[in-house]
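The values are calculated or read from the model by the stated rules, or taken from the named source; none is laboratory data. Keep in mind that this is a model prediction, so the values were computed, not measured. Neighbour counts are summed over all protein chains in view; Cβ atoms, including those assigned to glycine, are modelled from backbone coordinates with ideal geometry.
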Ligand SMILES: [Zn+2]
């Protein structure tokens, strides 16, 4: 029996489980552990059965973009122009909060904290602090954060009431003990301080539902419930400024508890679970129809690409992954090179497009280097 991380109700309604034994993590590794996802009728939260030893997983194995200080994820490709996630996060943060000179800002669950690094480059006169539950990233922090302004594992008592802003960029989805975390954040915020969080939006980024190391998949309803139960006053939930995510701004204080979620939300979450079950079947059926030994490539060296590869029975036919992210090009995934679209070998006749299905067709249409080539595309 598992209980909801937000409202503690028993979770009985399963909306997804892996058909095989392999699950994919947020850092695109395959693990032999099942993914089981539940919908909470009490608060509208969506929750994945926790992997064993969550905390040691992050401390010892989780290595989010830790290759280099500059490595980053693509946020948007528009007519050949690439915007990386860090730039976009900084732009939106600065548009939402007034980070004036002297502002003390703590990045909670910060990993490499590329966002704080970018903020310090802009010479705004703010003072960044960092916190994570791992020591893995401290070498990165040392390069731009003063001694005494970062901590690992526990928040120092000297930080109580110290911060004008606590940020959480894609960390709350990893944390099972949400109430403890919210209380810790409240403790270190000053009375007028802001919590600023970016959280995946499963309804606009369906991959989030099946990321095995994301125990939490928030909905608007469950975000509101989490904040109200922990005495935060919601200022804003913005679901449009960061594609595929919610931007949440809250302050200390009371807010009304949201209504019990309706069946529309449950149906929507259920249909995302069904999409993934059918995606696995569609991949396998397409593969059977493809000519034997036809060279293929997977477009997308991220989560979708890893999911797709894990569902192919003949991975040997996959010659490469294609990705526009220059930080990934020249590296490998599953023993195959990651190349730029313009470098696609002529022998490749099948391209599995493994991108967010809400945007994938447009991304491929915009690529001039594929036009005129004899390629069959499969869309996840
Ligand atoms: Zn719940």
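Overview of values
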{"item": "Qualifying residue in region 278-296 (condition: touching a helix residue (DSSP H, G or I) at 6+ places or on another chain (Cβ under 7 Å), buried (at least 16 other Cβ atoms within 10 Å of the Cβ) and within 26 Å of residue 219 (Cβ to Cβ))", "result": "no"}
{"item": "Residues located in region 8-30, provided they are under 17 Å from residue 216 (Cβ atoms) and over 19 Å from the mean Cα position of the chain (by Cα)", "result": "8, 9, 10, 11, 13, 14, 15"}
{"item": "Boolean, residue 312 is closer than 18 Å to residue 355 by Cα and assigned to a helix (DSSP H, G or I)", "result": "no"}
{"item": "Within region 1-15, tally of residues that are assigned to a strand (DSSP E or B) and modelled with pLDDT of 95 or more", "result": "6"}
{"item": "Residues located in region 348-363, provided they are touching a strand residue (DSSP E or B) at 6+ places or on another chain (Cβ under 7 Å) and either over 22 Å from residue 311 (Cα atoms) or assigned by TED's automatic domain parsing to the domain that holds residue 244 (or both)", "result": "363"}
{"item": "When residues of region 37-50 are limited to those that are in contact with a helix residue (DSSP H, G or I) (Cβ under 6 Å, 6 or more places away or on another chain) and either away from the ligand (no atom under 16 Å from the Cβ) or part of a loop (DSSP other than H, G, I, E, B) (or both), the one nearest to residue 256 (Cα to Cα)", "result": "43"}
{"item": "Identity of the residue in region 239-256, exposed (fewer than 15 other Cβ atoms within 10 Å of the Cβ) and under 27 Å from residue 162 (Cβ atoms), that ends up nearest to the ligand (Cβ to nearest atom)", "result": "254"}
{"item": "Members of region 161-180 that are more than 24 Å from residue 92 (Cα to Cα) and in contact (Cβ under 8 Å) with a residue 24 or more places away in the chain", "result": "161, 176, 177, 178, 179"}
{"item": "Boolean, residue 228 is within 16 Å of the ligand (Cβ to nearest atom) and out of contact with any strand residue (DSSP E or B) (no Cβ under 9 Å at 6 or more places or on another chain)", "result": "no"}
{"item": "Residue match in region 251-263 (condition: in contact with a strand residue (DSSP E or B) (Cβ under 9 Å, 6 or more places away or on another chain) and assigned to a strand (DSSP E or B))", "result": "yes"}
{"item": "Residue count for region 320-355, restricted to those that are closer than 23 Å to residue 81 by Cα, part of a loop (DSSP other than H, G, I, E, B) and touching a helix residue (DSSP H, G or I) at 6+ places or on another chain (Cβ under 7 Å)", "result": "3"}
{"item": "Helices (runs of 4 or more DSSP H) wholly inside region 84-188 containing at least 1 residues that are within 22 Å of the chain's Cα centre (by Cα) and farther than 24 Å from residue 229 by Cβ", "result": "85-96, 114-121, 138-142"}
{"item": "Residue 59 being modelled with pLDDT of 90 or more and more than 16 Å from the ligand (Cβ to nearest atom)", "result": "no"}
{"item": "Residue match in region 17-36 (condition: outside any loop (DSSP other than H, G, I, E, B), within 16 Å of the ligand (Cβ to nearest atom) and surrounded by fewer than 17 Cβ atoms within 10 Å (Cβ to Cβ))", "result": "no"}
{"item": "Members of region 257-269 found to be out of contact with any helix residue (DSSP H, G or I) (no Cβ under 9 Å at 6 or more places or on another chain), in contact (Cβ under 8 Å) with a residue 12 or more places away in the chain and either in the same structural domain as residue 228 (by TED's automatic domain parsing) or surrounded by fewer than 17 Cβ atoms within 10 Å (Cβ to Cβ) (or both), listed by number", "result": "268"}
{"item": "Region 1-13 - residue that is free of Cβ contacts under 8 Å to residues at least 40 places away in the same chain and within 18 Å of residue 262 (Cα to Cα) and, of those, nearest to the ligand (Cβ to nearest atom)", "result": "9"}
